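Asks: First the structure, then my questions, so here it is.
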Amino acid sequence: MSNKLTTCLWFDHGEARKAASFYAATFPDSHVGPAHDAASDYPGGEQGNELTVEFTLLGQAFVGLNGGPNFTPNEAVSFMVVTEDQAETDRYWNAITGNGGAESMCGWCKDRWGFSWQITSRALLDAMANPDKAAAKRAMDAMMTMRKIDIAKIEAALEPVDA
C-alpha cells in the first residue's frame, strides 16, 4: 500500500474479497489487489485466515478487513457516485440493489454488506446549485419523492411553473 490515506472497510469474516470483487466488476477504474493472511490468531479468527484484501474503487484505495460481526456500517458514512446520464445511474443502482442490496430515498441505496451509496446524477447536483432558487427548490422537491434518481423528472422540475 503506497497511499497516504486508504479507507478501511470492516466486513464480517470472509466477506471483504466478495465485496471487493463485486465493486471491481461494477465500477470502472476498479480492481482487486493483494490479500494478506493473518500472521497469528486474532479475536474471532485464526492464523492463516484472509485478514485483509486491498482494492481500488473508482480510482480510490481501500482495504477490506475481515474483522467479524462486531461492527456494521450505517448511513453516517456513504459513498457518493456521480453519474453522467440515466443509463449510468440505472446501471449502478440496479447492480447494487439487485445484488442483495436495498433501495432507500433520494438516490440512496445499500449494498448487501450494509454500506450506503448515493447514486447521484450530475444533473441533480447542477439543478440543486441552480442560481434560480425557485428552480432549485422544485428540483429538490422532485428528488425528495424519488428512490432512484430520474434525470428527466429533475430536468422537468427546473422548468418554470405557469401561473
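Asks: Based on Cβ point charges of +1 for Lys and Arg and -1 for Asp and Glu, what charge dipole magnitude is obtained for the chain about its Cα centre, in debye rounded to the nearest 20? Please report the intermediate quantities before stating the final value.
Replies: On the way: 13 positive and 22 negative charges, 43 e Å.
Taking the Cα centre of the chain as origin, the dipole is about 200 debye.
Asks: Give the carbon-plus-sulfur fraction of the accessible surface of the range 85-163 in %, rounded to a whole number; probe 1.4 Å, heavy atoms of protein chains only. Provide the component values of the computation, followed by the final result.
Replies: Working: 2310 of 4220 Å².
Answer for the range 85-163 is 55 percent, counting heavy atoms of protein chains only.
Asks: Another question about this same structure. Sorted from largest down, give the three principal axis spans of the alpha carbons of the range 112-163, whole angstrom values.
Replies: Projected onto the principal axes, the Cα atoms of the range 112-163 cover 47, 18, 14 Å.
Asks: Rg and Dmax in Å for the chain, alpha carbons only: what are they?
Replies: 18.9, 72
Asks: Count the lysine pairs in the chain whose Cα atoms sit under 22 Å apart, keeping only pairs 8 or more residues apart in sequence or on different chains. Please report the intermediate quantities before stating the final value.
Replies: Values: K18/K110; K110/K148; K133/K153; K137/K148; K137/K153.
Here the count comes out as 5.
Asks: Per the 1.4 Å probe, what fraction of the accessible area of the range 3-50, in percent, lies on carbon and sulfur atoms?
Replies: Numbers: 1510 of 2930 Å².
Of the solvent-accessible surface of the range 3-50, carbon and sulfur hold 52 percent.
Asks: Could I ask something else about it? Just the number please: accessible area per residue for the chain, 1.4 Å probe, all protein chains included, in Å².
Replies: Values: 9080 Å² over 163 residues.
Result: 56 Å² of accessible area for each residue.
Asks: I've got another one for you. How much FRET efficiency would the formula 1/(1 + (r/R0)^6) give for M128 and A61, where r is the Cβ-Cβ distance and R0 is 45 Å, rounded to 0.05?
Replies: For M128 and A61, the calculated efficiency is 0.95.
Asks: Then there is this: Take the Cα of D12, step 7 Å along the line toward its Cβ, and report every residue of the range 54-86 whose backbone nitrogen sits under 17 Å from that point.
Replies: Under 17 Å, as judged by backbone N against the label point of D12, lie 65-74 of the range 54-86.
Asks: Which chymotrypsin sites (Phe, Trp or Tyr not before Pro) in the range 5-102 sit in a loop by DSSP (not H, G, I, E or B) and have at most 13 other Cβ atoms within 10 Å of their own Cβ? Please list the in-between numbers first.
Replies: Numbers: sites: W10, F11, F22, Y23, F55, F62, F71, F79, Y92, W93; in loops: F71.
Taking the range 5-102 and a limit of 13 other Cβ atoms within 10 Å, the loop chymotrypsin sites (Phe, Trp or Tyr not before Pro) found are F71.
Asks: What nm distance separates the two modelled labels at S21 and E84, each placed 7 Å from Cα along Cα→Cβ?
Replies: For S21 paired with E84, the spin-label model returns 3.0 nm.
Asks: Another question, then. Give me a comma-separated list of calculated 3J(HN,Hα) values for the range 19-31, in order, Karplus coefficients 6.51, -1.76, 1.60 applied at θ = phi - 60°, integers in Hz, x for any Gly or Pro.
Replies: Here the 3J(HN,Hα) series is 5, 4, 5, 5, 4, 5, 6, 8, 10, x, 6, 9, 7 Hz.
The values are calculated or read from the model by the stated rules, or taken from the named source; none is laboratory data. Here the structure is a predicted model, which means the values were calculated and not measured. FYI the Cβ positions are ideal-geometry reconstructions off the backbone, even for glycines, and counts take in every protein chain you see. These accessible areas exclude ligands, DNA and RNA; they are computed on the full protein's heavy atoms, side chains included. Shrake-Rupley method; radii C 1.70, N 1.55, O 1.52, S 1.80 Å.
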